[in-house]
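The block underneath contains the structure these notes are about, expressed in structure tokens.
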Amino acid sequence: MESKKRVLTGILFLLPITLIMLVLFIIPVFQTFWLSFRDWNGISAVSKFIGFDNYLALLKSDSIRQTILNTLQLFALGTVLINAIALAAAVAFDRKGLIHTSLYKVVYFLPTVLSPVVVALIWRAMYFTDWGVIDTVLKRIGLSSLSRVWLGEPGVVMICLIIAYAWYQIGTTLVIYLAGLQSIPVELYESAMIDGAGRFQQFRTITVPLLAPAITINVLFVVVNALKTFDFPFALTEGGPQYFSRVVTLQIYFYAFRGIKYGLGTALSVVYTLFILLLSITLVRSLGRREQR
Amino acid sequence: MRRKALLRWVSIALLLVCGIPTAIAGGQQSKEVTLTSYAVPNDWKEGGQALYDAFMKKHPSIKIEDIPYTTDSLTFLRTRGAVNDLPDVHEINNDEAGLLFAKEGKLMDLRGLVAAKHVYPNLLKEYTISSGLVFGFTQGSSTAFIYYNKELFKELGLEVPTNFDDFIAVCEKIKAKGITPIGLAGQDPWNTEFPFDWIYANQVAITLGPGGYQKKLADGSFSLDNPEGVEVFKKIKKLSSYFQKGVTSDSETSTQDLFAKKKVAMTFAGSWNAALAERSGFAGAFFPPFGKKGAPQWVVNSPESAIGASNTHTAPEYVDAKKKFLEFWFSPEGYQLMQNARGNIPSIDNAVNVKIMPDIQALLPVLGKGPSIPFLMNTYSTAASDVFISTLSGIFIGSAAPEDAAKKISEAIKANPKSK
């Protein structure tokens, strides 16, 4: 009787969140999957079943190839850049004798507390051709030949987006690395120093292995955030010029809301979700194995 | 027990005391109607506010709550429409989404309003669906102009060009002086299509005769993937060499700013933006002269975006308020408030105190009587328009070749016909 009561109490406590998950997550996921096999403009009350036509249309689309390339660039280069800079900064701030470390931490973390749209608009102004901050500085130091149409040139726009995005994301990554560094026992470094290990050797043999959990968290966090980001690239470039900075999340938006082809948009979101799932599982497994070693 | 009873009665009394003012306020609110309005773009907020204020003074029980414009107003409306939450009064286009909204019963029927009798019939029919339902009153007749710096032209001894070759020659002379010849708001889809539409009208549509383009589109034989179509894209590519750097990142406002600050000698702009160009104090206007020497001028002309009302709130007091607001907006008294702010070409036959640039006033007879085609994006589906605009951007930045662009756009138009 007592155990039945406890089970019932447990169910009642779980019921509200289960209902919320069902209504806001599970049912919409199934609806999305169902819609991906239909032709629907998002306005009419009726939709037409068209089988795999939406998925086939994705395979034939030219813009999808460029979109996928842009997304891969963002998450691969972005992950490396964000983690490399955040780790280097964390190591620098963790050193004894460095003054004003609190100020540096605040400066690095400040972008993270801003809205992504605000950050994107700031960088947009900085990238303005001829009179943006970057071009103005280049002119003043006599390097105006390096000036580009930063957000208007196909080969350059994604690099500009990745740099701006990295600047925005470094703060959180830095904080996690700092916490990881501060949990490494100092005695290990002292022993290593006594044994004659140099700074780089200590970093390679002590810091990096013991930071494995922090690296796992940060890489996963950065990868997933980069893959699902929408507001930042939308505010910075709206995917232009042409498709050269359009990432998958923007393409889903353009299909569904601009092109009023909800079926096509949901088909792309289904494919993308499966890709992110697969990637996350692979990353967790390989980084987890690395941690255990 | 007594204390509990006392506490109980005090609590009930407090609740009642708090509730009475709310009930009174609620009662007052039921007499007042607040309409949400998503109808005034940010460039004309002053004119819009003057319109709202004048209306609210006349109808004190109706409040207008303005929703600030987003950069992607069409998507905003489509998203809101998809969840039956369109603002009470809003801008609407006669594109695929607008027609769908009308057919799905999301928009109010405006044909019974007095204002419907005064909107020019050829413009009213663009916002009328097959059932006869009128879903919007267009704000004006839209076309595109090239606004030019009169002072600079005088200084350089330049004449207003009358054909494509002369226009290129003028651009070369301006460029030789180290000035960017043309500004174009390449971030805005309507502005992006201007050069294409005008070259197509005056080089290809002219050979098909009046109504020829529309006929080809209707019978499915329209294609750009032919020598004439490719030639249009080649001319676009030539023209784009005179655009400002970063053309695809510039909005209408930033491009108008470039013109006002004399960083570009000429700028494409819609007739709906005439007042912005006129503010510079040195602007003149002419139709894009993209025809062959000696050929008649064809124009590109469509109704502007319209103002409509949604069926989001169907209570009688809301329907009455929406009708009153639209009647006022398109009355001589209300219409001039926005028209004067925008300097656009009127859509009603009883407009008074109209303010239009003298150069544009002189061109109106050509607009009214000359042969024309509509803005091409108005004739394509939204999916085809997306390909059309992004491919044109590719031509501007040199990433798309004219032959490929012609083929790609033709395929997109065939694969995505506009729903009727």
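Values in this text are rule-based calculations from the coordinates and carry no lab data. As the structure is a computational prediction, the values presented were derived from the model and not from experiment. Cβ sites come from the backbone with ideal geometry, for glycine too, and all protein chains shown count toward neighbours.
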Cα-based reach from residue A:4 at 12 Å (exclusive), listing aspartates and glutamates while leaving out same-chain residues under 8 positions away: none
Contour minus Cα-Cα distance for residue B:57 and residue B:85 (0.36 nm per residue): 7.4 nm
Filtered chymotrypsin sites (Phe, Trp or Tyr not before Pro), the range A:121-224: DSSP coil and at most 11 other beta carbons within 10 Å: A:131
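Output the relative contact order of chain B, whole-number percent, from Cα pairs under 8 angstrom with separation of 6+ residues. Don't skip to the answer; put the middle values down first.
Details: 668 pairs, mean separation 105.4, N = 420.
It rounds to 25 percent for chain B.
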Mean-position separation - Cα centroids, the range B:368-387 and the range B:192-212, in angstrom: 10
Tail weight of P(r) past 13 Å, computed on alpha-carbon pairs of the range A:57-113, percent: 71
Gaussian network model of chain A, springs between alpha carbon atoms under 10 Å - residue of A:269, A:147, A:191 with greatest fluctuation: A:191
Zone of residue A:109's modelled label, taken as backbone nitrogen in the range A:220-255 under 15 Å from a point 7 Å along Cα→Cβ: none
Mean Cα-pair separation over length for the range A:55-292, i.e. relative contact order, pairs under 8 Å, 6 or more apart, %: 30
15 Å reach of a label modelled at residue A:184, 7 Å along Cα-to-Cβ, counting backbone N of the range A:215-237: A:215-216
Pair residue B:73, residue B:150: separation of 7 Å Cα→Cβ label points (nm): 2.9
Ellipsoid semi-axes in whole angstrom, largest first, where each is sqrt(5λ) of the Cα gyration tensor of the range B:286-420: 35, 25, 12
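Round to the nearest 0.05 the FRET efficiency obtained for residue A:138 and residue A:11 when R0 = 56 Å and r is the Cβ-Cβ distance. Display every interim value, and only then the final one.
Numbers: r = 65 Å, r/R0 = 1.16.
The computed FRET efficiency comes out at 0.30.
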Alpha-carbon centroid distance for the pair the range B:219-242 / the range B:345-367, whole angstrom: 32
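May I ask you to derive the FRET efficiency for residue B:117 and residue A:197 from their Cβ-Cβ distance with R0 = 60 Å, giving the value to the nearest 0.05?
Working: r = 91 Å, r/R0 = 1.52.
For R0 = 60 Å, the calculated efficiency reads 0.10.
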Alpha carbon centroid spacing (whole Å) that separates the range A:25-50 from the range A:75-149: 42
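Sum -39500 (n - 2.57) across every DSSP H segment of at least 4 residues in the protein assembly as shown, then divide by the residue count to get the 222 nm mean residue ellipticity, nearest 500. Walk me through the numbers before you get to the answer.
Numbers: 32 runs with 404 residues, N = 713.
The per-residue figure over the protein assembly as shown is -18000 deg cm²/dmol.
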Number of partner chain Cβ atoms within 10 Å, mean per residue of B:246-252: 6
Under 5 Å, built H, 5+ apart or other chain: amide partners of residue B:345: B:141
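Determine, from the Cβ-Cβ distance of residue B:130 and residue B:320 and an R0 of 22 Å, the FRET efficiency 1/(1 + (r/R0)^6), rounded to the nearest 0.05.
On the way: r = 28 Å, r/R0 = 1.26.
In this case the efficiency is close to 0.20.
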